[in-house]
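A.B. asks: The structure that follows is given in the form of structure tokens.
The values are calculated or read from the model by the stated rules, or taken from the named source; none is laboratory data. Every value quoted in this text rests on a predicted model; they were computed, and no experiment measured them. As a convention, Cβ positions derive from the backbone with ideal geometry for all residues, glycine included, and neighbour counts pool all protein chains shown. Keep in mind that these areas ignore ligands, DNA and RNA; they rest on the heavy atoms of the full protein, side chains included. Shrake-Rupley method; radii C 1.70, N 1.55, O 1.52, S 1.80 Å.
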Amino acid sequence: MCLLIERLKISNIVTNKSIELSKEGGNYILDSIDWGFPTVTKQSFRVPYQIGETQTGVIIGTRKPVIIGYVIADISQPVGISLDDYYKKQLEIIERKKGELNKLFSVFQEVVLEVQGGYFLKAVSTQPVSYSSMENENNEVLCLFQIELESYQPLFYKGEKKVSLAVITGKFHFPLIIPEEGMIFGEIKRRQAIMIENAGDSEVGCVIEIVANGGTVRNPKIYNVATGDFIELENVELQNGDYITITTETQEENVIKHEIETGEEISLVGNIKEGSKFIQILQGNNFYAYSVEQQYMNNIEVSIRFTEKFFNFEAM
């Protein structure tokens, strides 16, 4: 693949340690990246006398990025120091930076790759960092390394997007001056439906948050206006301050009620109404909405968070 990337930041999710590779200098020089491409397997079937086949699904495989770079000592020779001492100092820096690189990657720990434009990719190293055995590529001045990774979630993603369908905003604050005509102590902003844009290359899961603010909320429902797909809860009541998080990401599906008074977190998976789906944020522009019985309309806040995902990005 063509490489137009000038900088790459790699962070270990477990240790919170990170390094930055750059083409412009520093101790870690970026040479090249091969992002690989996930395999695509089409599932299909055919019946007797059928012309062609009927596609039933698509399986996207993993991505295997390979990063090549150099560890550089990058210090000038101080005045009054011998050449042997200078090379020794260079080598100490090289070995220390190699140690930091080794600790960053573990086959048991996930890393996040961040490139310019705000794109991210999660991956795990498939083996320890490898270094060149050639003297001209591994010496007191520089050391060539190669990092082999595998991304089990092979789509790049950007920062989280959040949209609000219903929100209650307070207008009561100090210093408080009440005009003769009175004042508004709070404002309820709600839209029964809102258009959500997903500019990514695939539908994605989301986190739906439903909050009881100012009173009770019972049996909320969230749905896609066009498709009719919905997730609805039954025999569920939220008291003021309680909230529900619905996670619809594949293999992470869950519904949790958070009780503000007791601090308990209660699974509501058993309260999902028959016919419900863990709705996805579809590609393009789609309208999503919520519904609740009229007496609870002024007490509910609803928001949806999701991240767009991409097979490729501009710099690749």
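A.B. asks: Sort out which residues of the range 259-316 are part of a strand (DSSP E or B) and under 28 Å from residue 37 (Cα atoms), and write them in order of number.
C.D. replies: 281, 284, 285, 305, 306, 309, 310
A.B. asks: Moving to a separate point now. So residue 217 ticks every box in (1) open to solvent by less than 60 Å² (accessible area, probe 1.4 Å); (2) under 22 Å from residue 195 (Cα atoms) but one. Which box is left unticked?
C.D. replies: Result: residue 217 fails condition (2) only.
A.B. asks: Considering only the range 214-237, state which residues are in contact with a Phe, Trp or Tyr (Cβ under 9 Å, 6 or more places away or on another chain) and not β-branched (Val, Ile, Thr). Don't jump to the end; show me each part of the working.
C.D. replies: First pass over the range 214-237, keeping only residues in contact with a Phe, Trp or Tyr (Cβ under 9 Å, 6 or more places away or on another chain): 215-226, 229-232.
Those that are in contact with a Phe, Trp or Tyr (Cβ under 9 Å, 6 or more places away or on another chain) and not β-branched (Val, Ile, Thr): 215, 218, 219, 220, 221, 223, 224, 226, 229, 230, 232.
A.B. asks: Determine which single condition residue 23 fails, assuming it passes every other condition in (1) more than 19 Å from residue 141 (Cα to Cα); (2) open to solvent by 80 Å² or more (accessible area, probe 1.4 Å).
C.D. replies: (1)
A.B. asks: Still on this model: Could you please let me know if residue 32 is open to solvent by less than 20 Å² (accessible area, probe 1.4 Å), among the polar types (S, T, N, Q) and more than 21 Å from the chain's Cα centre (by Cα)? Give the derivation first.
C.D. replies: Details: open to solvent by less than 20 Å² (accessible area, probe 1.4 Å): no; among the polar types (S, T, N, Q): yes; more than 21 Å from the chain's Cα centre (by Cα): yes.
Taking the combined requirement at face value, the residue does not satisfy it.
Residues checked against (1) open to solvent by 40 Å² or more (accessible area, probe 1.4 Å); (2) in contact with a strand residue (DSSP E or B) (Cβ under 9 Å, 6 or more places away or on another chain); (3) at pLDDT below 50; (4) part of a loop (DSSP other than H, G, I, E, B):
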{"residue": "172", "(1), (2), (3), (4)": "yes, yes, yes, yes"}
{"residue": "180", "(1), (2), (3), (4)": "yes, no, no, yes"}
{"residue": "183", "(1), (2), (3), (4)": "yes, no, yes, yes"}
{"residue": "187", "(1), (2), (3), (4)": "yes, yes, yes, no"}
{"residue": "200", "(1), (2), (3), (4)": "no, yes, no, yes"}
{"residue": "208", "(1), (2), (3), (4)": "no, yes, no, no"}
{"residue": "211", "(1), (2), (3), (4)": "no, yes, no, no"}
{"residue": "222", "(1), (2), (3), (4)": "no, yes, no, no"}
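A.B. asks: Of (1) hydrophobic (A, V, I, L, M, F, W, C); (2) touching a residue at least 12 places away in the same chain (Cβ under 8 Å); (3) more than 20 Å from residue 145 (Cβ to Cβ), residue 104 satisfies all except one. Which?
C.D. replies: With (1) hydrophobic (A, V, I, L, M, F, W, C); (2) touching a residue at least 12 places away in the same chain (Cβ under 8 Å); (3) more than 20 Å from residue 145 (Cβ to Cβ) applied to residue 104, the lone miss is (3).
A.B. asks: Quickly run through the range 274-283 and pick out the residues that are within 27 Å of residue 198 (Cα to Cα) and free of Cβ contacts under 8 Å to residues at least 60 places away in the same chain.
C.D. replies: 275, 276, 277, listed by residue number.
A.B. asks: Further question on the same structure: With the requirement that a residue be surrounded by fewer than 15 Cβ atoms within 10 Å (Cβ to Cβ) and charged (D, E, K, R), what does the range 254-276 give you?
C.D. replies: Within the range 254-276, 259, 261, 264, 265, 273, 274 meet the criteria.
A.B. asks: What are the residue pairs meeting all of these: first residue in the range 248-270, first residue farther than 13 Å from residue 231 by Cβ, second residue surrounded by fewer than 14 Cβ atoms within 10 Å (Cβ to Cβ), Cβ atoms under 6 Å, and 6 or more apart or on different chains?
C.D. replies: 256/265; 258/265; 260/241
A.B. asks: If we keep just the residues of the range 106-137 that are within 20 Å of the chain's Cα centre (by Cα) and either at positive phi or in a loop (DSSP other than H, G, I, E, B) (or both), which is surrounded by the fewest Cβ atoms within 10 Å (Cβ to Cβ)?
C.D. replies: Filtering the range 106-137 for residues that are within 20 Å of the chain's Cα centre (by Cα) and either at positive phi or in a loop (DSSP other than H, G, I, E, B) (or both), the one surrounded by the fewest Cβ atoms within 10 Å (Cβ to Cβ) comes out as 108.
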